[in-house]
């Protein structure tokens, strides 16, 4: 029977996008939305202008519980909406609780002196120096209540062989300070990263490291010791960077991988092979699962009495657990272990192992345990690739294979897998690492099959044959596979224009990409169109993004000005982290020294037509008269000069890094301190239990310092009145 509204197309459109019909279309897929709304709440927490007090977090949790209770008695339309809102509130409350759970002392001053502690981790810094992490820390003349739980020290001095033994107390003399905040407003917040990693101080030492006595040995330290011994054993069979690669993928020890190898792998989009993640865990469990199932199948008496598939799943889970334990149990490895465990559990329960529901369940577990991982590129890329592959291959099942030769289908599957995974992860990698490997697909086609068919199986076989003293030949085969991977990476990296630098996107682009992709992949009906529109908007915002015309580091010691050839830096060395971050975010391949040489005439900097003078500490203390134009000083002059156009260190201490962007006739000025808000990881007042309201104004000292900056720009008649 024809209804009256069918004669009115505009009403039919409204009917198709009504909440009732939209939610009805999602039936059977509601589990897939759980991690989406949970992640939305986590993301909202990190975007809050101020920290939430424990009482507020408790209220949010109770409100979520009330919404869940109400949803159970609501109708089919209202119920899912109440569940969605409850999940968002749970995400906020859960992340806030996690931030309080990992709370620990943060060093409140610059320290130089003896550093002593128990060695719990060894890796390499971005400058290719050995780096150690210590707990049970002792700092001279520092109250115990102010000593961080963990500190990380880069070693620039001599390190005797055998000194860095897991669990031993070691000592050196060096510099420590609190982790720094963003080097530009809206940039990567190392303070936040260190807070969730429980790092209360970072620094460096140019002095030798000495071993004192064995510390109290916990099971974690024992596992660390076993991992270090296994790494040394692997590298005794495979020398050089081949052995370093093998140790990295088998034990998680990357301390022997040099910067050149890492950069080559990153330039060809193969860096994911170095970190134990979903690929390695998946390859290991797949090899073990297939081997055990085959072994049972070729033994008829056993095959008739046990379920080979489930026995293989149990064996694969045991090997995955052992791999997790021995590899150090990093967040990325734990995430991969959870994903694999969910899929093996599905096998034991006679369910499909590789489905979007399994991925959603794994994402829920990871986000509940480690909500901060939502911001990590590893989480985003692994779940993006897995989701895209399952979605794409579910559609490929409908393809008629009768016209494709059987020998060709595995090759096509490999190519399609690499293309889909590459497309799914490309925008995320470009946003986080500011570069795109143009020939990364070819490099992955050459390297990943060798990784899966030679490197990982041979490594596993070497461990199995080690008790018999027969590990030499599997390691030799593994070394050949690794050499091929290095050769492929070096060959592709040498191609002209292999790496394209990408400008960093605005902060709202990645969330739009994530929500848009979710709308396209897991939703039904008109929400897919909304997802496609969100992806288009994200692309437009990224393409139209504008980088600041001037950046000032948190110390005030480095200034970067936009120029015709790229950003011009005020000095060739010093404040290296800020310099590299700025240039990477600009999509600029130059180094700090090259960028500082762009000043023309030599040594002179200009912001538009304003001459900018940057004073190093030595020049600042000797200042006798006010320079022309804008002056930025990293130290306080010895003489009390009335320079209305001088930005002094007391301003930067309160505002953090500053950015200045052209806005018509004036300039927009942003402060990283105000952009970051008052959070546990950057506010001593909060760590003492004094909480502002969720929507309170920015810190008074930061606002006052920003007013000073405005006053300086007003003196040169260039500041816009329509700013923060």
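Each reported figure results from applying straightforward, stated rules to the coordinates on display, with no laboratory input. None of these values were measured; they are calculated from a predicted model. Using ideal geometry, Cβ is built from the backbone for each residue, glycine included, and neighbour counts are taken over all protein chains shown.
Overview of results
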item	result
Cα shape, segment 230-501, gyration tensor, a/c 1.5 rule	rounded
Likely footprinting exposure, 168, 409, fewest C-beta neighbours within 10 Å first	409, 168
Difference of contour (0.36 nm per residue) and Cα-Cα distance, residue 495 to residue 537	11.8 nm
Rounded, prolate or oblate (a/c below 1.5 giving rounded, otherwise prolate when a/b exceeds b/c) for the chain by Cα gyration tensor	oblate
Stretch gain in nm, segment residue 473-residue 110, where the contour uses 0.36 nm per residue and the Cα spacing is subtracted	125.5 nm
Additional length obtainable on full extension of the chain from residue 219 to residue 69, 0.36 nm per residue less Cα span	49.8 nm
Residue 260/residue 303 FRET efficiency (R0 51 Å; Cβ-Cβ; nearest 0.05)	0.50
Paramagnetic reach from residue 239 (point 7 Å along Cα→Cβ, amide N under 16 Å) across segment 470-502	476, 479-480, 483
Residues in segment 157-199 reached by a label modelled at residue 684 [backbone nitrogen below 13 Å; 7 Å Cα→Cβ]	178
Residue 144 versus residue 625: modelled label distance in nm, points set 7 Å from Cα along the beta carbon direction	6.0
Cα-projected label distance for residue 609 with residue 409, points at 7 Å along beta-carbon direction, nm	7.2
Order of 272, 280, 237, 193 under a 10 Å beta carbon neighbour criterion, fewest first	193, 237, 272, 280
DSSP bridge pairs, segment 111-217: antiparallel proportion in percent, nearest 5	85
Where labels lie 7 Å past Cα in the beta-carbon direction, separation of residue 526 and residue 416 in nm	3.3
Rounded FRET efficiency, nearest 0.05, which uses the C-beta distance separating residue 294 from residue 507 and R0 of 51 Å	0.50
Order of 439, 111 under a 10 Å beta carbon neighbour criterion, fewest first	439, 111
Fraction of beta bridges assigned by DSSP in the chain that are antiparallel (%, nearest 5)	80
